[in-house]
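S.K.: Just dropping this structure here.
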Amino acid sequence: QVQLVESGGGLVQAGGSLRLSCAVSGSIFSINAMGWYRQTPGKQRELVAIITSGGSTNYADSVKGRFTISRDNAKNTVYLQMNSLKPEDTAVYYCNVQQSIINYWGKGTLVTVSS
């Protein structure tokens, strides 16, 4: 059984910061990448940030310079540090693990940024 448990979401004011965490458990072999996606009502889920097994990262243009993805292999946890938050960052954020052709998803954590 594979589980992705997200935490760290909440309500913050514009300009504030949050750190999202995703703890991964279960038998997952040969992970290609781990990442964060987000989704708002009426919009398709979009990639926010991704980190490969080799440590390279990619970010959506809208979050470059503000968000940082990282991981702790000892804890089997991936993080998303979000700084200088904007109201348009409000969304449900989902943790994702890519193993070969299989994708695993967390249930999502809500981030709300007030103006």
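S.K.: Read through the list (1) farther than 22 Å from N103 by Cα; (2) open to solvent by less than 60 Å² (accessible area, probe 1.4 Å); (3) free of Cβ contacts under 8 Å to residues at least 12 places away in the same chain, then give the number of the only condition that L18 fails.
M.R.: The number of the failed condition is (3).
S.K.: Would you mention how many residues in region 71-95 are closer than 22 Å to L11 by Cα and either in contact (Cβ under 8 Å) with a residue 60 or more places away in the chain or in contact with a strand residue (DSSP E or B) (Cβ under 6 Å, 6 or more places away or on another chain) (or both)?
M.R.: 17
S.K.: Taking region 96-115 as the region of interest, how many residues are at pLDDT below 95 and within 22 Å of G15 (Cα to Cα)?
M.R.: 1
S.K.: Count, please, the residues in region 29-72 that happen to be exposed (fewer than 15 other Cβ atoms within 10 Å of the Cβ) and part of a loop (DSSP other than H, G, I, E, B).
M.R.: Total satisfying the criteria: 13.
S.K.: Could you check, for region 104-113, whether at least one of its residues is open to solvent by less than 80 Å² (accessible area, probe 1.4 Å) and touching a helix residue (DSSP H, G or I) at 6+ places or on another chain (Cβ under 6 Å)?
M.R.: Taking every residue of region 104-113 in turn, at least one turns out to be open to solvent by less than 80 Å² (accessible area, probe 1.4 Å) and touching a helix residue (DSSP H, G or I) at 6+ places or on another chain (Cβ under 6 Å).
S.K.: Here's something else I'd like to know. Output the residue which, of all residues in region 1-12 that are outside any loop (DSSP other than H, G, I, E, B) and touching a Leu at 6+ places or on another chain (Cβ under 8 Å), is most open to solvent (accessible area, probe 1.4 Å).
M.R.: Across region 1-12, the extreme among qualifying residues is S7.
The values are calculated or read from the model by the stated rules, or taken from the named source; none is laboratory data. This is a predicted model, so every value here is computed, not measured. Please note: Cβ atoms are built from the backbone with ideal geometry, for glycine as well, and neighbour counts cover all protein chains shown. Remember, those area values only see protein heavy atoms, side chains included, never the ligands or the DNA or RNA. Shrake-Rupley method; radii C 1.70, N 1.55, O 1.52, S 1.80 Å.
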